[in-house]
Amino acid sequence: NIKIKIDNIEVIVPEGTTILEAAKKVNINIPHLCYHPDQAIKANCRLCVVDVSGSRKLTAACSSFVYEGMEVHTNTKKVRDMQKGILELILANHDQDCLKCLRNGNCELQALCQRFNISKTNLVDTVDALPLDDTNPSLIRDSAKCVKCNRCVDACQKVQEVHVLTHSHRSVHYNITPAYEMPLEQTFCVFCGQCAAVCPVGAIVEKDDTAKVWDAIYDPKKHVIVQVAPAVRVALGDAFNLPKGTIVTGKMVAALRRLGFDKIFDTNFTADLTIMEEGNELIQRLTKGGTLPMITSCSPGWINFIEGRYDHLLAHLSSCKSPQQMFGALSKSYYPEMAGMDPKNVYTVSIMPCTAKKYEAQRPEMMTNGVAEVDAVLTTRELARMIQSAGIDFVALEEDQFDNPFGIGTGAGAIFGATGGVMEAALRTAYEVITGKGLPSLNFTEVRGLSGIKESIVLIDDMELKVAVAHGLGNAKILLKQIEKGESPYAFIEIMACPGGCIGGGGQPIKSTRDVKEKRIEAIYKIDEDLPLRKSHKNPDILKLYDNYLGEPLGHKSHQLLHTHYHS
Ligand code: HC1
């Protein structure tokens, strides 16, 4: 361990700790923009400069490691003047129309300017921006707001290995952009939104669809129903300053009712339905032959990735639509039929942790009876803004419950929201369906947690089923390369585009750092543990749905409504 002094406070930290991290230990928050706790050191914004005794120059705290006896001063006049100067330069190159920005109130640059009492820059406005990129359904890039911190580039290149965002030009013309400054739509962007999740300002944000949803709610001819994804309920509370990982299911349903939705349903229900279809598809491929390993298909960022980069492996994908789209299909078929409504009057909204879900809902394959299955997708952040804009005191709300017939989700549906959850849910069902016996333990702990790739061998009667889970597209690539070489030892693979699974989705409240993800994952498994039903094939409403409408898993009607195809 190493002993240093920061602002005359003694700190003892392990060797290899940076000054910035050491300062955090004693609650000194050194200003920074490019630093992100889950990313590699970049040291390009230089805002974190500090004065180290004995050094003639100021030192970047994010990239300098502590040494025995070091004395650091974070708050001298020289340091503050330098930090203020850097901030003013950044601000001079930044669109300052904060009222129009989705990150207003949750912007790291805004917070730093407030901290340094900078209300208006005296420097000449040097914003020299590329046109706003709003050509795709998921994300908006506004280079007039970019602070060139490179966090998005890191997320796109090092974590997701998608390599769309990169640098262009030099010096004052330096920019962050896709190659040749192309709009995202024309690139291999998968719309996962991991760039937006780490952006400190409003340079990359979700496409805001809240106005569309308000219009539908106010339209007396529309019957507006909403489904909520498994991972939203463990993250929405962040937007209302609740402790990270607070489970807010009941309050969330109450808030949706107050917003004016006619019915509030649970995507966990169609997550259970996905398991019925996908589990049976796996059993069919295992017993009757079919492409193995079979890979899950519910994460649209992942689907965009395989379609764009690994289209020769498309046969490995399960043909199941995602739970969002299974819900959408039922909402325009079974639901209006049951309620005696014209499907055209049903307006279906999804609340998702994911920006790619906006893209998924607009795919031409996702139409039922000639109408879009899902009419609008809002991210968790957009839902939070709707609740705030309606003046609802979220924390004070009494808990409410989902409506029927899509209101019951089992624990297996709930855990879809965390990496490994789809695999665990599928194994709970596949084991019992194949063996006809009850599982000795429902918890497949080997596929849980934040390791990049997890694997497990499950014994089903005398069959050894080898399975793997990857989250984050960089990790997915490793498993795909094995398949390409014919060396994959697995029968079934779960892939989720976002690190941590949906709890770390690109549309979740900012920030989703590793410690926050851990809390959300804990909350997801708590929901599962506390539910009386924890296996999809035991969901009574799913069984009713098959009896009354679908027939059997993989049957004709299921194929029509719940399965899809992929293309390059
Ligand atoms: Fe997900 Fe899924 S788990 S993809 O992460 O399969 O977005 O939460 O809704 O569709 O259920 C997201 C979450 C979500 C789907 C389900």
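For residue 460, list long-range residues whose amide hydrogen, built 1.01 Å from N in the peptide plane, is under 5 Å from its own amide hydrogen.
465
Relative contact order for region 19-149: what is it in percent, counting Cα pairs under 8 Å that are at least 6 residues apart?
Working: 148 pairs, mean separation 26.9, N = 131.
Dividing the mean separation by the residue count of region 19-149 yields 21 percent.
Please arrange 17, 379 by counting, for each residue, the other beta carbons lying within 10 Å of its beta carbon, fewest first.
Working: 17 19, 379 32.
Taking fewest neighbouring Cβ atoms as first place, the list is 17, 379.
What share of the DSSP beta bridges in the chain is antiparallel, in percent to the nearest 5?
Numbers: 29 of 53 bridges.
Close to 55 percent.
What pairs from 481/511; 466/517; 212/344 go past 25 Å between their alpha carbons? The partial results should precede the final answer.
Details: 481/511 32 Å; 466/517 27 Å; 212/344 16 Å.
In this structure, 481/511; 466/517 exceed 25 Å between Cα atoms.
Could you line up 402, 492, 65 from fewest to most neighbouring Cβ atoms inside 10 Å? Mind dumping the intermediate values first?
Values: 402 21, 492 26, 65 15.
Exposure proxy ranking, most exposed first: 65, 402, 492.
Within the chain, which is the longest segment containing none of the GluC sites (Glu not before Pro) that sit in a DSSP loop and have at most 15 other Cβ atoms within 10 Å?
On the way: sites that count: 15, 68, 365, 398, 399, 487.
Here the longest run is 69-364.
Expressed as a fraction of 2.2 N^0.38 Å, the rule-of-thumb size for a compact globular protein of N residues, what is the C-alpha radius of gyration of region 441-568? Mind dumping the intermediate values first?
Details: Rg = 17.6 Å, N = 128, 2.2 N^0.38 = 13.9 Å.
Rounded to two decimals, the normalised Rg is 1.26.
If a/c stays under 1.5 just call it rounded; otherwise compare a/b with b/c (prolate if a/b is bigger, oblate if not). Do that for region 9-87, with a ≥ b ≥ c from the square roots of the Cα gyration tensor eigenvalues.
Values: a/c = 1.62, a/b = 1.12, b/c = 1.45.
Note, shape of region 9-87 comes out oblate.
Using only Cα atoms, locate the centre of region 134-165 and the centre of region 223-242, then give the distance between them in Å, rounded to an integer.
Cα centroid to Cα centroid, the span is 25 Å.
Going by C-beta contacts inside 10 Å, put 394, 265 in order with the fewest on the left.
On the way: 394 21, 265 28.
Ordered by Cβ neighbours within 10 Å, fewest first: 394, 265.
If you place +1 on the Cβ of every Lys and Arg and -1 on the Cβ of every Asp and Glu, how big does the dipole about the Cα centre of the chain come out, in debye to the nearest 20? Provide the component values of the computation, followed by the final result.
Numbers: 62 positive and 67 negative charges, 283 e Å.
It works out to roughly 1360 debye.
By how many degrees, between 0 and 90 and to the nearest 10, does the Cα long axis of helix 267-288 differ from the longest principal axis of the chain?
That helix lies at roughly 70 degrees to the long axis.
If you wrap a convex hull around the Cα atoms of region 198-260, how much volume per residue is inside, in Å³? Could you put the intermediate results ahead of the total?
Working: hull volume 7.4 nm³, N = 63.
Spelled out: Cα convex hull of region 198-260, divided by residues, is 117 Å³.
Report Rg(Cα)/(2.2 N^0.38 Å) for region 378-439, keeping two decimals.
Values: Rg = 17.5 Å, N = 62, 2.2 N^0.38 = 10.6 Å.
So region 378-439 has a normalised radius of gyration of 1.65.
Defining a contact as two alpha carbons under 8 Å apart and six or more residues distant in sequence, what relative contact order in percent does the chain show? Mind dumping the intermediate values first?
Numbers: 1119 pairs, mean separation 87.5, N = 568.
Reported relative contact order: 15 percent.
Using only the Cα atoms of the chain, what semi-axes does the equivalent ellipsoid have when each is the square root of 5 times a gyration tensor eigenvalue? Give whole Å, largest first. It would help to have the intermediate numbers written out before the result.
Numbers: eigenvalues 363, 147, 101 Å².
Equivalent ellipsoid of the chain: 43, 27, 22 Å, largest first.
Mind checking region 56-100 for trypsin sites (Lys or Arg not before Pro) that DSSP puts in a loop (not H, G, I, E or B) and that have at most 16 other Cβ atoms within 10 Å?
Values: sites: 56, 57, 77, 78, 80, 84, 100; in loops: 56, 57.
For trypsin sites (Lys or Arg not before Pro) across region 56-100 that sit outside H, G, I, E and B with at most 16 neighbouring Cβ atoms in 10 Å, the list reads 56, 57.
Taking 8 Å as the Cα distance limit and 6 or more residues as the minimum spacing, I'd like the relative contact order of region 262-374 as a percentage. Please list the in-between numbers first.
On the way: 108 pairs, mean separation 30.4, N = 113.
Relative contact order here is 27 percent.
Nearest 500 deg cm²/dmol is fine: what mean residue ellipticity at 222 nm does the chain get from its DSSP H runs of n ≥ 4 alone, each adding -39,500 (n - 2.57), divided by its residue count?
Values: 19 runs with 184 residues, N = 568.
Using -39500 (n - 2.57) per qualifying helix, the result is -9500 deg cm²/dmol.
Computed over the Cα atoms of region 463-505, what is the ratio Rg over Rh, Rh following Kirkwood?
When Rh is taken as the Kirkwood radius, the ratio is 1.03.
Read-outs throughout are calculated quantities, based only on the coordinates presented, and are distinct from any laboratory measurement. None of these values were measured; they are calculated from a predicted model. Don't worry about glycine lacking a Cβ; one is built from the backbone with ideal geometry, like all the others, and counts go over all protein chains shown.
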